[in-house]
Structure formats: C-alpha cells, structure tokens
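The values are calculated or read from the model by the stated rules, or taken from the named source; none is laboratory data. The shown structure was predicted, so the numbers you read here are calculated from the model rather than taken from an experiment. Here the Cβ positions follow ideal geometry from the backbone for every residue, glycine too, while neighbour counts run over all protein chains shown. All accessible areas refer to the heavy atoms of the entire protein, side chains included, with ligands and DNA or RNA removed. Shrake-Rupley method; radii C 1.70, N 1.55, O 1.52, S 1.80 Å.
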Amino acid sequence: MDYAKESLKMHYDLKGKIEVVSRAKVDSKDALSLAYTPGVAQPCLEIQKDVNKSYDLTRRWNTVAVVTDGTAVLGLGDIGPEAGMPVMEGKCVLFKEFGGVDAIPLCVRSKDVDEIVKTVSLLAGSFGGINLEDISAPRCFEIEKKLKEKCDIPIFHDDQHGTAIACLSAVLGALRFVKKDIATAKFVVNGCGAAGSAIGRLLVNMGAQNVIMVDRFGALYEGIDAKLDRIQSYLATVTNKEHKQGTLADVAKGADVMIGASAPNVFTKEIMQSMADKAIVFALANPVPETSYDAAKEAGVAVAGTGRSDRPNQVNNVTVFPGVFRGAIDVRARAITEDMKVAAVYAIADLIDEKDLREDYVVPDAFDPRVAPAVAAAVAKVAIEKGLARKIVDPEVVRANTAKRIGR
C-alpha cells in the first residue's frame, strides 16, 4: 500500500479522525431541561461547593488534552501547530482505541515556554490529564517541569517518557533472553534529546550501573566542555562514572546494549560488531532508524528492534500512554511519577513468560490485549500506594474495566 497517498485520501474523506458524540439524549422538552437549563444549574452548584465533584458530574474524569506547539512533529520537525493537528487527532484515536480515554487535541500557536505553560495550566480544570506531544527539546523539559509545578493532574510528555517506558520494557525482555542483568550490563544510548535523555534517566532509576550517553559532541561525562541543557547536565553526573570520552564508535566497544534515539543509519556494521557477545540493539530514530533490523542481525546482534511495525520487536509508544493515563485517571492521580513509569515497564515486560521469549519476540505487540489493562493496573497501584490517588480503586478492578472499555 502507498501509505502516504492512501492516508491523504482517507483524511480528505473523513475531514477529521475524531468527533464529539453526545452521551445525553435531548429528544424532549424534559430531556433538554435536564441536560441544559434549568436543571444543569444544580451540578454547577455542587461543583462550586467542591471542585472535586467535577470528576463525578462531568466527563473530566475521562478526558485528556493532547497538547503540541508543532515544533517536533514526527520526523517532520517544526511544521507548526495546525500542521501537527493530524498527528494530534491520531493520538486521540489511539487514546480511545487502546485505553478507552477521551482525548482532545490542543495545538498552541506559541513557542514561548511560559505562554504555553500559562495556556495549558489555565485550561487544566477541564481535563483529567495532560499529554504533551511533539514539542522540541530542551523546551519540552521546561514546559513539563513548570506544568507539574502548577497543575494537580498528571502531566506526561510522551515523546520522553512513553518512548523510555516502551524501550525499557523491550530491553528487559531482551536481557532476559540473553541472560544478562540490567545492573551489570553496559549500556550506550546515542542521542541526548527528549527521548534519549528520558531513556538514560529511566535506565539509572531502574538500577543500571553502567550507562554512557552519547550526543553530537561525543560521550557525556561530568565536567565535559560542552553546552548542556538541564537534563543533560543531570545525566552527566549520574552516568559514565569512568569518564570515558570519545565518539559512539569508541564507547560502543564491548557494550551489551546500544539504544538509538538519534539519526538514521549511524549504527554501522563495524560499530555493532565491536559490541559484546549476545549484543542487543534498539534503533528508534523515526522514520529511518539508526540501523535496520536486518542489518543488525547480519552484523551478529542477538536481539534487535526498531520503531517500525513491519519488523520484529517493535518499540511502540501505543503500548504505554493509553494504559498509563487509564490507570492514572481511574484513581484521579495528582501526578505521574518515576515509580509509576518503572511499574509500567515491568507490567509490559512481564507479560511475556520466560519460556516464550525468542530473539524476535522480547516485547508484546501493540495489539496484545493484555498490555493496556496491565499498565493501567500497575500505574493505579503505585498511585494508591504513594498517596497520589484521590480515589481508591482496586488495581484489579482497573485492569478488568480497562479490558472491558477497549473490548480486548
């Protein structure tokens, strides 16, 4: 199929992939009076007395905003907020199909961090959560940080954390398959932008002791003479404890795991062959990865994966964000934390039994019906345990309800 041609035709035909569907019937005078005036005044007054009633009396409890400024849309770059709308609508479709979450695209005409933060924070009372999408680094780090400080609902930048969770769940499966341990394996992450930085941080949070981050300036280490953003500066203090310097080719020698969130075709055959025995390579650049699956296997890599749906071991954010938000909004969580992200990683990875692991099956497929319910239950459980839930719901009920909502 010519996906570009057929997708353009579909978008012209549909004129939008989402729509608003009324849940209330307005087919009589009484029905009108209940859904709108005069009856609607009563729920308004209830919310005025207790703003938390907005979760009980409106659709806020199940609604997420998908927010972009259009500066980092897919592999297209800074194409503007309106041009990013088809992607945001697509994200909303995935929220509904894979998590039963209602999502609304908000494309903001500003590149100013404080303007975007103010806009989103002022609208936060309408939503149960905020999904930040396709915002360029390092601005995305500051927008997320400031929104977390201002809002009491989950704020989640999927390009960072969704990618990191999806990647680490695949890495865990691959490590189990080759019989290596996250604590002792040597990791090299190429790319210190939004996705790469988040992968590095999550690796450290999950106990990886030997992580080297690489960017255009080479290996990252504490004291490096390079202009770093806030997140890169943090990573410089918690990774590469031996202060190794050099290019990707230099530091990849002997690596057990190499992860790319960078640029096309930079994982050469020579680099991959210099890695340790039973090496693992995940190449996540989009739309063209750092290496193809076939090239990685030809280079002798034990387990390979990319973001492509046409090859094995796809690292796909759709295994993450629907379940993360489903679990968070079901318990009315105030935030999405590092502990929740780690729980989501294990929830996905643990779905594959040890005996079922293969070199071409180390992470569940995006359409695996177990994924979103498992992630939702794991996130809800941590939110409750950490005192971040406004509503206490048995995680197993969250799991069952999620499966029911998405019909999987």
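What residues have an amide H closer than 5 Å to that of Thr291, excluding those fewer than 5 places away on the same chain, when H is modeled at 1.01 Å from N in the peptide plane?
Asn265, Phe267
When mean projected area of the Cα convex hull in nm² is calculated directly from the model, which label among (i) 19.5; (ii) 22.4; (iii) 21.3 fits?
Only one option fits the structure, namely (iii).
So what J values fall out for the stretch 16-21 if you push phi through Karplus, 6.51 cos²θ - 1.76 cosθ + 1.60 with θ = phi - 60°, rounded to Hz, Gly and Pro as x?
For the stretch 16-21, the Karplus curve yields x, 8, 10, 8, 8, 10 Hz.
Structure shown: which of Lys25/Lys53; Lys278/Lys341; Lys186/Lys244 lie over 19 Å apart, alpha-carbon to alpha-carbon?
Pairs exceeding the cut-off: Lys25/Lys53; Lys278/Lys341.
Rounded to the nearest 20 debye, what is the charge dipole size of the stretch 310-408 about its Cα centre when +1 sits on each Lys and Arg Cβ and -1 on each Asp and Glu Cβ?
On the way: 16 positive and 15 negative charges, 143 e Å.
Taking the Cα centre of the stretch 310-408 as origin, the dipole is about 680 debye.
Ignoring ligands, DNA and RNA, what percent of the 1.4 Å accessible area of the stretch 287-388 is carbon and sulfur?
50
Which whole-Hz couplings ³J(HN,Hα) result when phi for each residue of the stretch 262-274 is put into the Karplus expression 6.51 cos²θ - 1.76 cosθ + 1.60, θ = phi - 60°, listed in order with x for Gly and Pro?
Calculated HN-Hα couplings, in order: 9, 9, x, 6, 8, 8, 6, 4, 5, 5, 5, 6, 7 Hz.
Hey, got a sec? Which chymotrypsin sites (Phe, Trp or Tyr not before Pro) in the stretch 77-180 land in a DSSP loop and have at most 10 other Cβ atoms within 10 Å?
Answer in residue order: no site qualifies.
Stretched out fully, how many nm does the piece from Phe217 to Asp50 gain, at 0.36 nm a residue minus the Cα gap?
Gain on extension, Phe217 to Asp50, equals 54.9 nm.
Carbon and sulfur: what percent of the stretch 14-55's accessible surface (1.4 Å probe)? Can you show the working numbers first?
Details: 2140 of 3630 Å².
Carbon plus sulfur share of accessible area: 59 percent.
How big is the antiparallel share of DSSP beta bridges in the chain, given as a percent to the nearest 5?
Looking only at bridges with both residues in the chain, the antiparallel portion is about 15 percent.
Picking from Tyr12, Ala283, Gln42, whose Cα lies most toward the positive end of the charge dipole for the chain (charges on Cβ: Lys, Arg +1; Asp, Glu -1)?
Going by the charge dipole, the pick is Gln42.
Can you tell me the accessible area per residue over the chain, all protein chains present, probe 1.4 angstrom, in square angstrom?
Details: 18920 Å² over 408 residues.
Using a 1.4 Å probe on heavy atoms only, each residue of the chain averages 46 Å².
Is the stretch 108-165 rounded, prolate or oblate when judged by the Cα gyration tensor, a ≥ b ≥ c being the square roots of its eigenvalues, rounded requiring a/c under 1.5 and prolate requiring a/b larger than b/c?
oblate
Could you pull out every one of the lysines with an alpha carbon less than 23 Å from that of Lys111, ignoring same-chain neighbours closer than 8 positions?
Partners within reach: Lys91, Lys145, Lys146, Lys148, Lys150, Lys227.
If amide H atoms are built 1.01 Å from N in the plane of the peptide, which residues on other chains or at least 5 residues away come under 5 Å of the amide H of Thr63?
Residues meeting the amide H criterion: Gly128.
Work out from phi, with θ = phi - 60° and the Karplus expression 6.51 cos²θ - 1.76 cosθ + 1.60, the ³J(HN,Hα) of each residue of the stretch 287-298, listed in order in whole Hz, and give x for Gly and Pro.
Once θ is set to phi - 60°, the couplings for the stretch 287-298 become x, 10, x, 4, 8, 7, 4, 5, 5, 5, 5, 5 Hz.
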